[in-house]
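The values are calculated or read from the model by the stated rules, or taken from the named source; none is laboratory data. Bear in mind that the values here come from a model prediction, so they are computed numbers and not experimental data. When we count neighbours, we look across all protein chains shown, and the Cβ atoms used for this are built from the backbone with ideal geometry, even at glycine.
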Amino acid sequence: MANDLMCDALAAELQAQQVVQQAAGALRMAPHELRRLRISKRESQEKFWSRFGVTQSSGSRFETGLAIPAPVAILLRLYINGKLNDGDLQG
């Protein structure tokens, strides 16, 4: 009985991790495409990345290839797909 509960809990945890990884993995933009998007909006790194709760410094690193954390990647993907707008992202 206890083993069944542990197996179920482990399976649920693995499934939750897969969902987060898939959502983060859905952002398949090359770093130069992120920069191009920001520039097309005529925004500074500080203004663009702050809407996602990211500092200018981290945004710069994302634009040069650093992996984007899953929560930021999810917000970015929703923003790019038009599911979120600037008003939705105001802190």
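Within segment 38-70, if we keep just the residues that are of a type in the set (S, T, Y) and over 20 Å from G87 (Cβ atoms), the residue that is surrounded by the most Cβ atoms within 10 Å (Cβ to Cβ) turns out to be S58. Criterion applied to A24, A73, A16, A12 was being surrounded by 12 or more Cβ atoms within 10 Å (Cβ to Cβ), of a type in the set (G, A, S) and at pLDDT below 90, and the one residue passing it is A24. Taking the criterion of being outside any helix (DSSP H, G or I), free of Cβ contacts under 8 Å to residues at least 12 places away in the same chain and not aliphatic (A, V, I, L, M), the residues of segment 49-89 that qualify are T55, N81, G82, K83, N85, G87, D88.
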